[in-house]
Ligand code: ADE
């Protein structure tokens with residue numbers, strides 16, 4: 001069983017539409033769709049935007065459905081100059097850019113529970129995702145890098161520069177780091193795969209509205225290639 005989490009309808013609906021007749025279950029207001037995608041047993045949920053929503057969903061999925069791996073999919077803002085709208089970023093590791101106890105002497109992004117800053121994604125899943133991406137995206141559009149998560153839609157150059165400089169991030173979004181933390185605590189393999197909808201700059205809100213749907217559709221294609229390999 002593979003668990004798949006997206007925050008918004010645009011990020012998971014195409015995938016849910018690909019599931020033949022399937023069961024649903026609602027827990028804590030989140031609908032879990034249990035069935036098959038590309039012939040593979042999956043549970044798919046739209047968690048809602050942000051770290052708390054994502055953590056509730058990931059922990060519930062793990063306890064209720066015991067997935068062998070969790071995939072977080074969706075769109076993201078590009079934070080590396082080399083990452084363009086329409087590209088794809090596969091997570092090498094996740095950081096939470098809004099976690100900051102540096103006033104107490106900790107490094108920025110330090111997570112005291114698991115005692116870590118960067119949570120590594122499963123290297124096997126990273127390799128499989130990169131291979132699956134090749135049949136959908138041109139090679140120069142596929143990146144593997146750090147994805148930074150926080151409870152903010154990043155839409156100015158100052159914030160974007162801080163996230164890129166402090167964490168070496170290639171992309172920013174609002175759920176992956178939280179799902180990574182839940183998976184880390186439960187020893188479940190995970191990966192975050194994000195299609196770039198904007199550049200997290202002053203244009204981000206407009207670009208997001210224009211490109212989110214198309215980016216999400218391309219990601220669904222990648223997933224249908226990836227799932228049978230898991
Ligand atoms: N998801 C897509 N674009 C984003 C941005 N600029 N900031 C945070 N999350 C995003």
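Based only on other Cβ atoms within 10 Å, what is the fewest-to-most ordering of 33, 143?
In order of increasing Cβ crowding within 10 Å: 33, 143.
For labels at residue 213 and residue 104 in the simple 7 Å Cα→Cβ model, what's the distance in nm?
4.6 nm
Pick from 191, 116, 62 the residue whose mean-square fluctuation is largest in a GNM of the chain, springs joining Cα atoms under 10 Å.
116
How large is the Rg to Rh ratio of the chain when both quantities use alpha carbon positions and Rh follows Kirkwood?
Details: Rg = 16.2 Å, Rh = 17.2 Å.
We get a ratio of 0.94 for the chain.
Is any residue of region 184-206 close enough, with backbone N under 17 Å, to a label point placed 7 angstrom from the Cα of residue 116 along the Cα-Cβ axis, and if so, which?
184-193
In whole percent, what relative contact order does the chain give with Cα contacts below 8 Å and a gap of six or more residues? List each step's numbers first, then the result.
Values: 533 pairs, mean separation 62.9, N = 230.
Normalised by residue count, the contact order of the chain is 27 percent.
Can you give the extra length, in nm with one decimal, that the chain gains between residue 40 and residue 28 once fully stretched, where that is 0.36 nm per residue apart less the Cα-Cα distance? The partial results should precede the final answer.
Numbers: separation 12, 0.36 × 12 = 4.32 nm, distance 2.56 nm.
Extra length available between residue 40 and residue 28 comes to 1.8 nm.
Going by C-beta contacts inside 10 Å, put 201, 165, 41 in order with the fewest on the left. Kindly include the intermediate steps, with their values, before the conclusion.
On the way: 201 18, 165 10, 41 14.
In increasing order of surrounding Cβ atoms, one gets 165, 41, 201.
Obtain the nm distance between the two label points defined at residue 202 and residue 140 by a simple spin-label model: each point lies 7 Å from its Cα along the Cα-to-C-beta direction.
2.7 nm
None of the figures in this text is laboratory data; all of them are computed from the coordinates on show. Because the structure is predicted, anything quoted here is derived from the model rather than measured. In this analysis, Cβ positions are derived from the backbone assuming ideal geometry, glycine residues included, and neighbour counts consider all displayed protein chains.
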